[in-house]
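Encoded as structure tokens, the structure appears first; notes follow it.
The values are calculated or read from the model by the stated rules, or taken from the named source; none is laboratory data. No experiment lies behind these values; they were computed from the predicted model shown. For neighbour counting, all protein chains shown are included, and Cβ atoms are generated from backbone atoms with ideal geometry for every residue, glycine included. For accessibility, only protein heavy atoms count, side chains too; no ligands or nucleic acids. Shrake-Rupley method; radii C 1.70, N 1.55, O 1.52, S 1.80 Å.
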Number of protein chains: 2
Amino acid sequence: MKTKSVPPSGARGLKLNIVKVGGNIIEKEEDLQNFLDAFAALPEPKILVHGGGKLASQLAERLNIPVNMVNGRRITDAETVEVITMVYGGKVNKSIVAGLQARDCNAIGFSGADGNAILSVKRPVKDIDFGFVGDVVAVDAAMIHNLLSIGITPAFCAITHDGKGQLLNTNADTIACELAIGLSEKYEVTLNYCFEKAGVLLDINNDNSVVKDINSDKYAELLNEKIIADGMLPKMENCFYALKGGVHKVHLGKPEMLHHTNANFTTLRL
Amino acid sequence: MKTKSVPPSGARGLKLNIVKVGGNIIEKEEDLQNFLDAFAALPEPKILVHGGGKLASQLAERLNIPVNMVNGRRITDAETVEVITMVYGGKVNKSIVAGLQARDCNAIGFSGADGNAILSVKRPVKDIDFGFVGDVVAVDAAMIHNLLSIGITPAFCAITHDGKGQLLNTNADTIACELAIGLSEKYEVTLNYCFEKAGVLLDINNDNSVVKDINSDKYAELLNEKIIADGMLPKMENCFYALKGGVHKVHLGKPEMLHHTNANFTTLRL
């Protein structure tokens, strides 16, 4: 019904947008609706990726399940992986899918288990036992490409599986990054990280201090000057890991950047 | 990776199994695992449909959200549709999908919003306001057929959408029935209702009292004798509605019937 046709599979130079939407956006209904407007208006093919950490913590608290975070990462016991599956895979994912359908964007919600899209392995215990947390080992780019080719827009939540029946909690930035690398063989991929800031900022409190272009040299410089630190550090590491894996470019900034209506965002290239 | 090929689309006489698994099976871990063994072993193409009512009620109770049932149907307010989305679309659906993947069955979890597979309309208020409950108006058989054709096994939870962003609670028996009718144009569909009983029973406490074959005449007779009553009545109405809609046959019984290892189940034909 709403399936649209895209150029034949494997076409060189076929562009794909992968958009990861940050937790601070999906937690505010108005911001989420604005984001979905911007995302749905992108030309196809496209993929959405989301987490929902704070919403999961809220449900865990209501259910008296302790929330344990170490270095910003969630310790995921059996009860917690169930909470995450309900919030990321149920509540957030299905409401995003319904919201996209209302905008004539033919989305299908995915965890990594669906279509065996993202296979991971339970993180080995070293200093910290993260519990049911998965490190990605394989992305089924051919299956995802098949769906994109018939006009489907996959919407991924931050859950993978081990192929043996166990669901695993996996960071949404990482999922976006691994999908982008996996699909770079068939597509010229732009990986977009949408969040509440305008990009990489020289002054974290000033959205006009965006560093517009960052390459490997500039990145080394910013690291040296300690402009990139804290939460931005793993995000930037993900970005350069993606670029080294064949991703065309990475954008960081507010959802408006998806349509370049505002030049105030960061572009990363090798 | 695990995608398998099936005969070309639209082939006449191509068989499709649609299997609805009852709540009493999915609520017991061992029974669910046995059911998934039986389902995964079916030849493709196939579709699974599930609800999860009691599990939703359990979560609602933990969250102090009142559970209101009228004639066995749930009154679905805004909080309840969220609970249902978390339980049916998240917890139950994703664990079924992961369980099928572990059995080399390439499942993708669906609500009616995903792929715009099942469009419904919020039930008009007459005597009772059921709230966010959806009556099915359209099934996108072409999209589902596309997925079946590339070896995907859709696993549907009992949620639909109104196309305007609202998720709606819809009876799982009804979803199985509407999918079966929708796909009967392209497939010879067997609709299987798996539950804890061996089929339609002359004596509800005796699994050996199964009525093996029921056609329209026999159905009228059983109704007359009040052998079909209570919960079986809407189920049987669904079955004959499906048969009149072009479904080849309907089976009712325990999961073992899927492989005919036991002849103790009910077959319905017009």
(message) In whole Hz and in residue order, list the ³J(HN,Hα) couplings for segment B:206-214 that follow from phi through the Karplus curve 6.51 cos²θ - 1.76 cosθ + 1.60, θ = phi - 60°; x for Gly and Pro.
(response) 10, 5, 8, 9, 4, 8, 6, 10, 10
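Sort B:253-263, A:161-171 by packing, meaning the average of other beta carbons within 10 Å per residue, with the highest value first. If you can, show how the numbers build up before the last one.
On the way: B:253-263: 16.8, A:161-171: 22.4.
Highest mean packing first, the order is A:161-171, B:253-263.
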(request) Compute the label-point distances linking B:Lys249 to its equivalents in the other copies; points lie 7 Å from Cα along Cα→Cβ; give nm, one decimal, shortest first. (result) 6.1
(message) Let me confirm one metric for peptide B:99-106, namely the mean number of other chain beta-carbon atoms within 10 Å of its residues' beta-carbons.
(response) 5
(request) Determine the shielding of peptide B:160-167 by partner chains: average, over its residues, the number of Cβ atoms on other chains within 10 angstrom of each Cβ. (result) 5
(request) Would you mind pulling out the separation of the Cα centroids of segment A:172-211 and segment A:97-153, in Å? (result) 18 Å
(request) In nm, give the distance between the simple-model label positions of A:Asn34 and B:Asp230, each being 7 Å from the Cα along the Cα-to-Cβ direction. (result) 5.6 nm
(message) Please compute the per residue accessible area over segment A:15-194 with all protein chains in place, 1.4 Å probe, rounded to a whole number of Å².
(response) 32 Å²
(message) Can you report the principal axis dimensions of segment A:15-194 using only the alpha carbons, biggest first, rounded to whole angstrom?
(response) 42, 35, 25
(message) Using a 1.4 Å probe on the protein heavy atoms, what percent of the accessible area of segment B:140-270 belongs to carbon and sulfur?
(response) 46 percent
(request) Tell me which residues come under 5 Å, amide H to amide H, from B:Val133 once H is placed; ignore anything under 5 positions away on its chain. (result) B:Arg123, B:Asn169
(request) Please give the average number of partner chain Cβ atoms lying within 10 Å of the Cβ of each residue in B:56-69, rounded to a whole number. (result) 1
(message) Please list, ordered by chain and number, the residues whose modelled amide H lies under 5 Å from the amide H of A:Ile159; skip anything fewer than 5 residues away on the same chain.
(response) A:Gly112, A:Thr170
(message) To make sure I understand the rule: partners must be lysines, Cα under 24 Å from the Cα of A:Lys226, and not fewer than 8 residues away in the same chain. Which ones qualify?
(response) A:Lys197, A:Lys212, A:Lys218, A:Lys235, A:Lys244, A:Lys249, A:Lys254
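How fast does segment B:119-200 diffuse by Stokes-Einstein, in µm²/s, taking the Kirkwood radius from C-alpha pairs at 10 °C and 1.306 mPa s?
Values: Rh = 14.2 Å.
Taking Rh from Cα pairs, D becomes 112 µm²/s.
Which net charge results for the neighbourhood of B:Leu202, defined as the other residues with beta-carbon distances under 14 angstrom from its beta-carbon, given Lys and Arg at +1 and Asp and Glu at -1? Walk me through the intermediate numbers first.
Details: positive: B:Lys197, B:Lys212, B:Lys218, B:Lys226; negative: B:Asp203, B:Asp207, B:Asp213, B:Glu221, B:Glu225.
Local charge sum for B:Leu202: -1.
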(request) Give a residue-ordered list of calculated ³J(HN,Hα) values for segment B:116-125 (Karplus: 6.51 cos²θ - 1.76 cosθ + 1.60, θ = phi - 60°; whole Hz; x for Gly, Pro). (result) 6, 5, 9, 8, 9, 10, 4, 4, x, 7
(message) Could you tell me the relative contact order of chain A? Use alpha-carbon pairs under 8 Å, at least six residues apart, and round to a whole percent.
(response) 22 percent
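Highest mean first, what order results for A:204-215, A:109-120 on Cβ atoms within 10 Å? Don't skip to the answer; put the middle values down first.
Working: A:204-215: 14.0, A:109-120: 28.7.
Listed from highest to lowest mean packing, they are A:109-120, A:204-215.
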(request) Quick one: which residues, 5+ away or cross-chain, put their amide H under 5 Å from the amide H of B:Gly165? H built at 1.01 Å from N. (result) A:Ala102
(request) Output the relative contact order of segment B:157-253, whole-number percent, from Cα pairs under 8 angstrom with separation of 6+ residues. (result) 36 percent
(request) Would you kindly find the accessible area of B:Arg74, with a 1.4 Å probe and non-protein molecules such as ligands, DNA and RNA excluded, rounding to the nearest 10 Å²? (result) 30 Å²
(request) State the answer as a single residue: which of A:Val200, A:Ser216, B:Thr85 lies farthest towards the positive end of the charge dipole of the protein assembly as shown, with beta carbon charges of +1 for Lys and Arg and -1 for Asp and Glu, about the Cα centre. (result) A:Ser216
(message) Going 7 Å from Cα along the Cα-Cβ axis for the label, what nanometre distances separate B:Ile65 from the same residue across the other copies?
(response) 1.5
